[in-house]
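Here's the structure, in structure tokens; my notes come after.
Where a number appears in this text, it was derived from the coordinates with a stated rule and is not lab data. No experiment lies behind these values; they were computed from the predicted model shown. No Cβ is skipped: glycine too gets one built from the backbone with ideal geometry, and neighbour counts run over all protein chains shown.
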Amino acid sequence: MFVLTIGTTWSAGVLYYLSFKSGLGTEAVAIDAITLAHGVIYSAAVLGILGAHEMGHYIACRLYDVDATLPYFLPFPLTISGTLGAVIKIREPFPSRKALFDIGVAGPIAGFVVLVPLLFFSIFHSTIVHTPIEPGSFSFGEPLLFKLAVWLKFGKIADGYQLNLHPIGFAAWFGMLATAINLLPFGQLDGGHLTHAAVGDSSRHISLATAVATLGLCLLSYTWIVIAAAMVLMLYWIGPRHPRPLDEYEPIGRARVLVAIFAIVMFVLCFMPIPFERM
């Protein structure tokens, strides 16, 4: 699966570099060795972000002696990212609320630490091109962190001009999308782990509210339909209750509350109500 994911993300990276090299289609370009190499660079960037996220979970599991698999990477050809992401399987109960919190938050933080420098690197190697937005083209959502990076480099982009994003920027963009989705306070997503560790069994109410809010987001963008459907299926099969850690009543402590606030900041910086849409 990992080898297949390298292939699918490499092909996506080649397409992104062709678009970048052509100035969003304003110039004719040909596929050459440099283009193929940049496909590898994109693949390394997106797999590096996803791998860091999952290895954050894995290493935290090892520190708490919780049995878990190494990451499984999910190939997904002919899509904007070339992958559905990566997952690990945790094969035994969490020993305590502190362990649940630490394992849950370690992934998003590790992925965020990798994606932020890649995002700023890509923006500072991007360009601005004068090209109209063609009807039927796709527009990518811009989370707050992305907007900040663009503003620091280019300021306000004038009408009639577009950002010609470096391919690594698309890897960082997908990393932000994955981070925001994982931090949703639902079920056994990372955000669900953090919520249950913080408030205990009351987290089931937050999970239900998150599922309802996600269904509402489907009205803004059809891209949320798959996530909303997955939430509904999880509620049907598993229910809204998060599996309880063995030590259900251990407080997480003040330091972890501060980390939880940082996790909320990460979510706000990475979240985009409309990930992408057709113009």
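Seen from a random direction on average, the alpha-carbon convex hull of segment 169-279 projects onto 7.8 square nanometres. Take every Cα pair under 8 Å whose residues are at least 6 apart in sequence, average their separation, divide by the length of segment 1-106, and the relative contact order is 32 percent. Available extension along the chain between Y72 and F262 is 65.7 nm, counting 0.36 nm per residue and deducting the alpha carbon span. Please identify, among L145, L215, L100, the residue showing maximal mean-square fluctuation in a Gaussian network model of the chain using a 10 angstrom Cα cutoff. Of the options given, L215 has the highest mean-square fluctuation.
Which value, to two decimals, describes the C-alpha radius of gyration of segment 2-278 once divided by 2.2 N^0.38 Å?
On the way: Rg = 19.6 Å, N = 277, 2.2 N^0.38 = 18.6 Å.
Normalised Cα radius of gyration, segment 2-278: 1.05.
Only Cα pairs under 8 Å and 6+ residues apart enter the sum, and on that basis the relative contact order of segment 157-244 stands at 24 percent.
Taking the fewest neighbouring Cβ atoms within 10 Å as the starting point, the ordered list for D65, D159 is D159, D65.
So for Y161, Y58, Y249, fewest C-beta neighbours within 10 Å to most, what's the order?
Working: Y161 13, Y58 22, Y249 8.
Fewest-to-most ranking of Y161, Y58, Y249: Y249, Y161, Y58.
Mean separation of Cα pairs under 8 Å and 6 or more residues apart, divided by the residue count, gives segment 2-278 a relative contact order of 23 percent.
Between the residues I90, T127, P240, the greatest Cα displacement towards the positive end of the dipole of the chain, with unit charges on the Cβ of Lys, Arg, Asp and Glu, is found for P240.
Across A178, A255, A213, mean-square fluctuation computed from a Gaussian network of the chain (C-alpha pairs under 10 Å connected) peaks at A255. Among I123, I88, I31, the largest mean-square fluctuation in a Gaussian network model of the chain, built with springs joining Cα atoms closer than 10 Å, belongs to I31. Helices in the chain that qualify as membrane-span-like (whole DSSP H runs, Cα extent of at least 27 Å along the helix axis, mean Kyte-Doolittle hydropathy of 1.6 or higher) are 97-124. Roughly how far apart, in whole Å, are the Cα centres of segment 168-194 and segment 34-111? Going from one Cα centre to the other spans 11 Å.
Please work out how many pairs of lysine residues in the chain are eight or more positions apart (or on different chains) and have Cα atoms closer than 23 angstrom.
On the way: K21/K147; K21/K153; K21/K156; K89/K98; K147/K156.
Lysine pairs meeting the criterion: 5.
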